[in-house]
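For reference, the structure is listed below as C-alpha cells.
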Amino acid sequence: MIKALGYAAKHSFSRLRPFEFERQEAGPNEIEIEVQYCGVCHSDIHQVKNEWSNTVYPCVPGHEVVGRVTKAGSGVTRHVVGDLVGVGCMIESCRHCEPCHSGDQNYCEGPNSWLATYNGPMVPAKMAPDGRNMYERDNTFGGYSDTLVVNEDFALKIPAKLKPEVAAPILCAGVTTYSPMKHWGVKAGDKVGVIGFGGLGDMAAKLARAMGAEVTVFTRTKEKLEEAARLGVTGVLDSDADAMRSLKSSFDFMLSTIPEKHDLSPFIDLLKRDRTIVVVGALEPMAPVNNQQVAFHRKSVAGSLIGNLADTQEVLDFCAEHGIGPDIQVIAIQDINDAYRKVEKGDVRFRYVIDMATLRHEEAA
C-alpha cells in the first residue's frame, strides 16, 4: 500500500480538511502519478455536499488531474516514468458492454457503469454474479491528493504546447463541451449558442469559435458581456426580451452549461428547425419542456455526459493546436473552501486550479 495525503470532506456539512489514507500500489497495467495540478469543478461541490444523493464519505474530490508518472507496472506500454499525463472523470469501465467496445466508456452499461475518479461508481453499486462488487472498491479518492493510481488506458497524454495547470480543466470542462459539439457535427459557419458563461461556457465558446462557428453566449451578468467581447463572441443578457426575440429560429446548435436546473423554453425558440439543444451543466430534473415548441419545428432536447477517452485526448490536442484553454487562477489547497464559496456565489469568471505542491507540507487532521 502507498501512504497518501489529500483533502477530504467527512460529511455533507463539513469543510474540506487534510486527510491521510492509503492507495494500492500500481498493478501490472497501472501507473502511479505524482499529482501536480487539479482543477476545481462545480461537480466537486455537488458531490461534497451530497446534492446528487450518491456521495460516499470521506470524499476526496478531483477529476481534472495532471501529474508525472512515477512508477509504471510491468505490463504498461502507453506511458513511461517521467511522462506528463492527465486523468479525467473515469479511472475504469467494464470494457465488455457495447458502449465500451464502441469506445464510449462514459456510457458504460456494465454492472456499476464506469468507475469515477472519486466517489466510486457513478451509479448505486450492483454486484457481479459471484456477489462481489465488480470493481472491488467501495469508494475512490480523487485528485485533491498527492498521488493517484490508475490503469494506463485511462491516463491521457498532455501535449507539450499546453501548460499543465491549463490542461487540468480541459479534462472535464473541455471534453464535456467538446464531445457534444463533435457528436452533433458543429462546423465552420454554424451559429452556436452557449447558455451560461462560467467554466463550462467559457470553454464551449472558445472551442466553438476555434471550430469556425459564429458564437453567441447567454448570461445573466452584465459584466460578462465584456468578457464575451474580449473573446470575440457576441454576448446577450438572457433577460433582454428584445434581444431574445430578435434571435428566434437562428441557431444551428445550442449548449446549456448552467450547473443547476433552469428553464430551457426561452432557448428552444432560438433553434432552427431540425436542430438540437444539449444540456451538459445540470445533472438533475429540469423543468418540463412544452412539446409544442419542440414538435412544431422538429427540434430536439438532448443530454451529453463528459466524453470518452478518445474525445478527451482529441480535445487536449485540439486546444494545444489552436492555442486555447480555460482562464485559470492557481490556488493553494489551503484556500479550497474559500474557492468553493466563490464558485457557489457565481463570483468567479475563471477556473480554479489547485497547485498540489502546496499539499506536501500539510499535517493531516
* Asked: In the list Ala320, Ala332, Ala282, which residue meets the criterion of being small (Gly, Ala, Ser), free of Cβ contacts under 8 Å to residues at least 40 places away in the same chain and under 18 Å from Gly39 (Cβ atoms)?
  -> Ala332
* Structure fact -> Note: among Glu51, Glu32, Glu20, Glu25, just one is among the acidic types (Asp, Glu) and either in contact with a His (Cβ under 6 Å, 6 or more places away or on another chain) or crowded, with 20+ Cβ neighbours inside 10 Å (or both), namely Glu32
* For Asp263, indicate whether it is in the same structural domain as Met181 (by TED's automatic domain parsing) and part of a loop (DSSP other than H, G, I, E, B). => yes
* To do: Would you tally the residues in region 213-226 being within 22 Å of Glu260 (Cα to Cα) and either outside any strand (DSSP E or B) or among the basic types (Lys, Arg) (or both)?
  => 6
* To do: Return the residue satisfying two criteria in turn: it lies in region 196-212 and is assigned to a loop (DSSP other than H, G, I, E, B) and either of a type outside the set (A, V, I, L, M, F, W, C) or surrounded by 24 or more Cβ atoms within 10 Å (Cβ to Cβ) (or both), and of such residues it is nearest to the chain's Cα centre (by Cα).
  => Gly198
* Count, please, the residues in region 14-59 that happen to be farther than 16 Å from Cys172 by Cβ, in a loop (DSSP other than H, G, I, E, B) and either without any contact (Cβ under 8 Å) to a residue 12 or more places away in the chain or under 18 Å from the mean Cα position of the chain (by Cα) (or both). => 7
* Might you check whether a residue that is surrounded by fewer than 19 Cβ atoms within 10 Å (Cβ to Cβ), at pLDDT 95 or above and closer than 20 Å to Thr177 by Cα occurs anywhere in region 292-300? => yes
* Evaluate the following for Ile354: is it surrounded by 14 or more Cβ atoms within 10 Å (Cβ to Cβ), in contact with a strand residue (DSSP E or B) (Cβ under 7 Å, 6 or more places away or on another chain), farther than 28 Å from Ala228 by Cα and assigned by TED's automatic domain parsing to the domain that holds Asp104? => no
* **Output for region 329-365, where each listed residue is under 12 Å from Ala167 (Cα atoms) and modelled with pLDDT under 95** => Arg351
* Asked: If you take the residues of region 22-58 that are touching a helix residue (DSSP H, G or I) at 6+ places or on another chain (Cβ under 8 Å) and hydrophobic (A, V, I, L, M, F, W, C), which of them is nearest to Ala8 (Cα to Cα)?
  -> Val48
* **The one condition in (1) in the same structural domain as Phe197 (by TED's automatic domain parsing); (2) in contact (Cβ under 8 Å) with a residue 24 or more places away in the chain; (3) farther than 24 Å from Asp190 by Cα that Gln292 fails to fulfil** => (2)
* If you check Gly82, Gly67, Gly86, which single one turns out to be touching a strand residue (DSSP E or B) at 6+ places or on another chain (Cβ under 9 Å), under 22 Å from Ile170 (Cα atoms) and either in a loop (DSSP other than H, G, I, E, B) or of a type in the set (Lys, Arg) (or both)? -> Gly82
* Structure fact -> Note on region 266-295: residues over 20 Å from Val215 (Cα atoms) and of a type in the set (S, T, N, Q) are Asn290, Asn291, Gln292, Gln293
* In region 153-195, which residue that is over 15 Å from Arg68 (Cα atoms), among the small types (Gly, Ala, Ser) and in a helix (DSSP H, G or I) is farthest from the chain's Cα centre (by Cα)? -> Ser179
* Unique match (being within 28 Å of Val280 (Cα to Cα) and charged (D, E, K, R)) among Arg23, Arg95, Arg78 -> Arg95
* Structure fact -> Of (1) in contact (Cβ under 8 Å) with a residue 60 or more places away in the chain; (2) touching a strand residue (DSSP E or B) at 6+ places or on another chain (Cβ under 7 Å), Val315 fails just (2)
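The values are calculated or read from the model by the stated rules, or taken from the named source; none is laboratory data. Remember, it's a predicted structure, so these values are computed and weren't measured experimentally. Cβ coordinates were reconstructed from backbone atoms using ideal geometry, including for glycine residues, and neighbour counts include every protein chain displayed.
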